[in-house]
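Working notes, beginning with the structure itself.
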Amino acid sequence: MSAQSPNGLVSGLSQGLAEVKQHRGSLLIAGIISLFLGSLAILAPLVATMAVVWIIGAVILAQGIIQLIHCFKSAHWSAFAWNLLWAVVYVIAGGLILARPLLGAVTLTLLLGVFFLFEGAVKVGLAMKIKPASRWGWVLFSGAMGLLLGIIILAGWPGDTALGILGLLLGIDLIFGGWSMIMLASAAK
């Protein structure tokens with residue numbers, strides 16, 4: 001691991017601040033949209049959970065169908081069997097999620113818990129990278145909330161709360177993420 005000189009650190013901070021200022025408008029818009037979607041998810045957590053499950057199931061199924069079409073259009077390809085297997089796995093997984101959305105919700109809740117843990121860790125790392133930028137603590141706080149949400153989900157999985165918790169916690173994370181983007185954008189004036 002190489003040590004960075006004080007001048008290099010200042011240069012890196014200046015570049016990071018300049019990038020935040022350059023993307024201030026899109027960061028602000030993304031934050032507002034995140035707040036709005038998070039609020040909707042909190043108001044109707046079961047609906048949000050089922051919407052996420054249906055969207056993911058449909059995307060996986062569509063990918064499987066697209067892969068099947070590609071597979072048969074490229075039947076002469078030496079990797080045909082592997083591509084066919086991949087396509088079949090996608091079609092089955094997407095079909096199962098759509099056919100049994102409650103089971104899909106429980107499974108996706110587990111994946112979301114793991115996602116929140118990784119997302120939280122990345123945000124904490126980002127906060128440390130942009131520190132001492134004005135209001136960097138909001139990004140740190142958002143990362144800490146992501147870590148906490150991941151722990152809460154994984155601690156309660158696979159209980160009865162798995163159905164509504166997916167939408168509720170997704171909404172909470174969207175709200176904290178939205179606020180962190182808005183605060184960072186407002187500090188970049």
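No lab work stands behind these numbers, since they all come straight from the coordinates. Everything numeric here is computed off the predicted structure, so don't read it as measured data. Using ideal geometry, Cβ is built from the backbone for each residue, glycine included, and neighbour counts are taken over all protein chains shown.
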Volume per residue that the Cα convex hull of the stretch 126-189 spans, once the total is divided by residue count, Å³: 58 Å³
Kyte-Doolittle mean at least -1.0, axial Cα span of 30 Å or more - DSSP H helices of the chain: 45-73, 101-130, 136-156, 162-187
Nitroxide proxy distance, nm - points 7 Å out along Cα→Cβ at residue 154 and residue 62: 3.1 nm
Rg/Rg_globular for the stretch 77-165, with Rg_globular taken as 2.2 N^0.38 Å and Rg from C-alpha atoms: 1.53
Globularity index of the stretch 28-187, i.e. its alpha-carbon radius of gyration over 2.2 N^0.38 Å: 1.25
Lys pairs under 16 Å by Cα in the chain, provided they are eight or more residues apart or on distinct chains: 4
Distance from the stretch 120-189 to the stretch 25-78 (C-alpha centre basis), Å: 20 Å
